[in-house]
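The next block holds one structure in the form of structure tokens; read it before the comments.
The values are calculated or read from the model by the stated rules, or taken from the named source; none is laboratory data. These numbers were taken from a predicted model, which means no experiment stands behind them. Please note: Cβ atoms are built from the backbone with ideal geometry, for glycine as well, and neighbour counts cover all protein chains shown. Surface accessibility is based on the protein's heavy atoms, side chains included, excluding ligands, DNA and RNA. Shrake-Rupley method; radii C 1.70, N 1.55, O 1.52, S 1.80 Å.
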Amino acid sequence: MDKEQIKKELTDKSNKILEKYSEMDVVETVSVMNMAAKTIFLGSLKVYNTQVIPNIIRDLEKELKGYGELVVRDQRVTPCCSPSYTHISFNVSIAN
């Protein structure tokens, strides 16, 4: 599958998950790291409602696991001048 196509699908799936849980953030794009043995797609989501975080992580794992090796992480962020949120990041590694 074409890397641009995978990048678009990962972005679209991430945005559908955010929309499903009424989150206001939008994933603009997914970054791509090209390496000799694999290609890694990196994405991140901002989630403001802490109650839906487990559901969003579960949905990401369900929707993205078919592409390759998937890692999902989350970290609480408390900025000084805006609402707190949880940063959920994922990376998908696909062997070349």
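Inspect all residues belonging to segment 51-66 and state whether any of them is touching a strand residue (DSSP E or B) at 6+ places or on another chain (Cβ under 8 Å) and modelled with pLDDT under 95.
no
Can you name every residue in segment 17-35 that is in contact (Cβ under 8 Å) with a residue 12 or more places away in the chain and more than 17 Å from residue 69 (Cβ to Cβ)?
Of everything in segment 17-35, those that are in contact (Cβ under 8 Å) with a residue 12 or more places away in the chain and more than 17 Å from residue 69 (Cβ to Cβ) turn out to be 17, 18, 20, 21, 22, 23, 24, 25, 27, 28, 29.
Answer yes or no: is there a residue in segment 11-24 that is in contact with a strand residue (DSSP E or B) (Cβ under 7 Å, 6 or more places away or on another chain) and assigned to a strand (DSSP E or B).
There is no residue in segment 11-24 that is in contact with a strand residue (DSSP E or B) (Cβ under 7 Å, 6 or more places away or on another chain) and assigned to a strand (DSSP E or B).
Determine if segment 8-16 includes at least one residue that is over 10 Å from the mean Cα position of the chain (by Cα), at pLDDT 95 or above, farther than 19 Å from residue 87 by Cα and surrounded by 12 or more Cβ atoms within 10 Å (Cβ to Cβ).
Yes; the residues of segment 8-16 include at least one that is over 10 Å from the mean Cα position of the chain (by Cα), at pLDDT 95 or above, farther than 19 Å from residue 87 by Cα and surrounded by 12 or more Cβ atoms within 10 Å (Cβ to Cβ).
Taking the condition of being farther than 18 Å from residue 11 by Cβ, of a type outside the set (D, E, K, R) and either open to solvent by less than 70 Å² (accessible area, probe 1.4 Å) or not in a helix (DSSP H, G or I) (or both), how many residues in segment 50-87 meet it?
Residues meeting the conditions: 14.
For segment 28-49, which positions are assigned to a loop (DSSP other than H, G, I, E, B), within 21 Å of residue 6 (Cβ to Cβ) and in contact with a strand residue (DSSP E or B) (Cβ under 6 Å, 6 or more places away or on another chain)?
30
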